[in-house]
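The values are calculated or read from the model by the stated rules, or taken from the named source; none is laboratory data. Keep in mind that this is a model prediction, so the values were computed, not measured. Don't worry about glycine lacking a Cβ; one is built from the backbone with ideal geometry, like all the others, and counts go over all protein chains shown. Calculation scope for accessible area: heavy atoms of the full protein, side chains included, ligands and nucleic acids excluded. Shrake-Rupley method; radii C 1.70, N 1.55, O 1.52, S 1.80 Å.
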Amino acid sequence: MRIAITGASGFVGQALVPRLHAAGHSLLLVGRSADSLKQRYPGLHATDYAHLSQTLPGCDALIHLAVLNTGADASMQDYQLVNVDLWTDVLQVCVDAQIAKVVLISSLHAENPNQSAYAASKRDAEALLEAHSATDQNRKGYILRFPAVYTDRFAGQLAVLNRLPRFLQTFALQCAACIKPVIGADAVVNAVQDTLHDPSPFQRRFVSDGQRTNPVYGLLRRTVDLVGGAAGLLVLSPILLGLWAWVKATSPGPGLFAQERVGRHQRTFTCYKFRTMAVGTRNAASHEVGTASVTPQGQFLRRWKLDELPQLWNVLLGQQTLIGPRPCLPAQRALIDARETLSVFTVRPGITGWAQIHGVDMRAPERLARIDAEYIARRTLVLDLKILLATLRGAGGGDAAAES
């Protein structure tokens, strides 16, 4: 594939260009000075922005890395000139040259455009590509949001790690990743190459290292689960017994409800909840069962998510975690297939999660799977705490039953 790359001399470009070249792609490097790019990357084709319209035709895709980064001593106008105006010009050249795929490398900061001039400019740049993709179905636009990128050295907010001895850098990076997501250069390349082969007409993705290979995060999360699960069962035991007695006394049937759910690596386990539906209700997802099956007590329990509290026992057993994708039923094949495609089953399911506090339940399987995968890419101890606090405040509506 012939790929044009703007901003190839930057930190991300220096990591991306050699790896894409080694993968067999033909590269056209674009910058303010073609000569400096040729000196940095001998043997590769290079051009400047003034001649881009003459050299871009024939390329299959363009990756836009050119950016005035956060932390620069710059004004809003400076950020606008580089991150928006330059991008506008490049995007127009892509349109004129009929480039089929355009990839904008963006940032996690773009989610909060009010936090800085840099964040606002990146959000504006995203909006431009999204608008172009909406009006031209023949052009595929992709936005990849990355957190802090590292190679064998660190830049930006991670630059402080360069001061540490080499043997401490890995541990320090793992600790930092527990607070904010990070991504290595190889993961950046993999994400870019996956995007180049993606047939979707438009896509916005957040990509990071995740926490699967971070032993510090894993240890801290399991410690929190054990302490939180045990403390919750102990402290809340009078409330749990009271709710159990209330459910049992006010409607026919048991106080607890046991149901098979799909867990990590698609292993099934028995999930415990307070019963919220009448005995005899068919074993199906909540959105497939009519509201007439939900008891009056169950409506209250569901509204405040109190029916989920017995799952603290599942947390202690290691079948679930406090925060994670909600476990589905074995019969929910559409959701299972979507989650399998996006590697959601690599983590334990949770009592509450990112999708739940945003009101997304299992009636939209593909959307839910995408949000679950996004959470896995984003997850940190800070985000987990935010989700927990949002749940305690009643965010999201829980699993809704179908209207009868």
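For the reader, a short list of remarks on this structure follows.
- Accessible surface, per residue, of segment 133-197 when the full set of protein chains is kept, probe 1.4 Å, Å²: 51 Å²
- Other residues lying with their Cβ under 14 Å from the Cβ of D186 contribute a combined charge of -2, Lys and Arg counting +1, Asp and Glu -1.
- Here segment 222-295 and segment 359-374 have alpha carbon centers that stand 21 Å from each other.
- Shape of segment 263-311, Cα gyration tensor, a/c cut at 1.5: oblate
- Looking at segment 42-183, the DSSP beta bridges with both ends there are about 5 percent antiparallel.
- Rounded tilt (10° steps) of 86-97 against the dominant C-alpha axis of the chain: 80 degrees
- Three semi-axes of the equivalent ellipsoid, segment 152-211, Cα gyration tensor, whole Å, largest first: 28, 11, 9
- At a probe radius of 1.4 angstrom, the accessible area of segment 253-305 per residue rounds to 52 square angstrom.
- Per residue Cα convex hull volume in Å³ - calculated over segment 41-163: 134 Å³
- Segment 218-319 - Rg over Rh from alpha carbon coordinates, Kirkwood radius: 0.99
- Calculated FRET value between A72 and H197, using beta carbons and R₀ = 51 Å, to 0.05: 0.95
- Global geometry of segment 114-162, whether rounded, prolate or oblate, following the gyration tensor of its Cα atoms and the 1.5 cut on a/c: oblate
- The chain has equivalent-ellipsoid semi-axes of 47, 23, 18 Å, by the square roots of 5 times the alpha carbon gyration tensor eigenvalues, sorted largest first.
- Distribution of pairwise C-alpha distances over segment 23-83, 10 Å bins, in %: 19, 44, 29, 8
- Cα gyration tensor shape of segment 164-295, rounded if a/c is under 1.5, else prolate or oblate by comparing a/b with b/c: oblate
- Expressed to the nearest 5 percent, the antiparallel share of DSSP beta bridges inside the chain is 20 percent.
- Considering only Q193, Q211, Q311, the mean-square fluctuation computed in a Gaussian network model of the chain, springs between alpha carbons under 10 angstrom, is largest for Q193.
- Within the accessible surface of segment 233-334, defined with a 1.4 Å probe on protein heavy atoms only, the carbon and sulfur portion equals 64 percent.
- Mean residue ellipticity, 222 nm, helices only, the chain: the sum of -39500 (n - 2.57) across DSSP H runs of n ≥ 4, divided by residue count and rounded to 500, is -12500 deg cm²/dmol.
- Unsatisfied cross-links (Cα-Cα over 21 Å) in the set K101/K122; K248/K273; K180/K305; K122/K180; K273/K386: K180/K305; K273/K386
- With at most 10 neighbouring Cβ atoms within 10 Å, loop trypsin sites (Lys or Arg not before Pro) (DSSP) excluded, longest segment of the chain: 1-266
- Rounded to 10°, Cα long-axis angle of helix 11-22 versus longest principal axis of the chain: 80 degrees
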